[in-house]
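Q: So that we are looking at the same thing, I have put the structure below in structure tokens.
Since every read-out is calculated from the coordinates, none of them should be taken as a lab result. Note that this is a predicted model, so its numbers are computed, not measured. Counting neighbours? That spans all protein chains shown, and the Cβs are built from the backbone with ideal geometry, glycine included.
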Amino acid sequence: MSKSILTSIKENISGIREDYTYFDNQLIPIINSEFAKLCQLGVGPEEGFQIKDKSATWDQFTTDPRLNFIEEYITLKVKIIFDSSDSSSFVLEALKQVANEYEWRLYMVAEELKMEAKE
């Protein structure tokens with residue numbers, strides 16, 4: 001069974017327990033905006049994707065193993081937006097650089113998938 005998107009992001013950005021839902025209403029729109037960005041890059045379902053609660057899983061977005069770093073990408077982007085106040089400017093810049101590299105790589109995989117679909 002695939003992991004919950006919301007739960008895994010909460011655990012990875014701040015160690016927030018699954019049953020602690022205080023920040024869910026702040027995290028969900030951030031997560032959904034990152035999924036929207038990925039869909040604009042051609043990554044994920046053509047009709048788009050969003051979560052509403054902890055029931056959405058990573059496998060519902062994609063099961064292609066070439067996109068395994070989507071979880072890390074979205075976690076980084078959410079951390080930068082939601083939890084960056086604890087980070088120094090150097091750490092924050094490093095996180096942004098890693099996220100930008102993931103974004104570029106995701107775009108490249110999406111282009112590869114488009115080429116495969118045309119064949």
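Q: Once you have the Kirkwood Rh of the range 62-108 from its Cα pairs, apply Stokes-Einstein at 25 °C and 0.890 mPa s and quote D in µm²/s. Don't skip to the end; give the middle numbers.
A: On the way: Rh = 11.2 Å.
Taking Rh from Cα pairs, D becomes 219 µm²/s.
Q: For the chain, what is the charge dipole size about the Cα centre, in debye to the nearest 20, if Lys and Arg each add +1 at the Cβ and Asp and Glu each add -1 at the Cβ?
A: Working: 13 positive and 21 negative charges, 34 e Å.
Using only the charged Cβ atoms, the result is roughly 160 debye.
Q: Stokes-Einstein at 37 °C, 0.692 mPa s, Kirkwood radius from Cα pairs: D for the chain in µm² s⁻¹?
A: Reported coefficient: 221 µm²/s.
Q: Which aspartates and glutamates, on any chain, are close to K10 with Cα under 16 Å apart, when same-chain ones fewer than 8 places away are left out?
A: Counting by Cα, and skipping residues close in sequence, K10 has these aspartates and glutamates nearby: E18, D19, D24, E34, D53, E71, E72, D83, D86.
Q: With the dipole of the chain worked out from charges on the C-beta (+1 for Lys and Arg, -1 for Asp and Glu) around the Cα centre, which of V78, S8, A36 lies farthest toward the positive end?
A: Working it through, the farthest residue towards the positive pole turns out to be V78.
Q: While we're looking at this one, here's another question. Once every DSSP H run of n ≥ 4 in the chain is given -39500 (n - 2.57) and the sum is divided by its residues, what mean residue ellipticity at 222 nm do you get, rounded to the nearest 500 deg cm²/dmol?
A: Taken over the chain, the calculation gives -20500 deg cm²/dmol.
Q: Let me ask another. From the cross-link list K79/K118; K54/K96; K52/K96, which pairs have alpha carbons spaced over 31 Å apart?
A: Values: K79/K118 36 Å; K54/K96 26 Å; K52/K96 26 Å.
Beyond 31 Å between Cα atoms: K79/K118.
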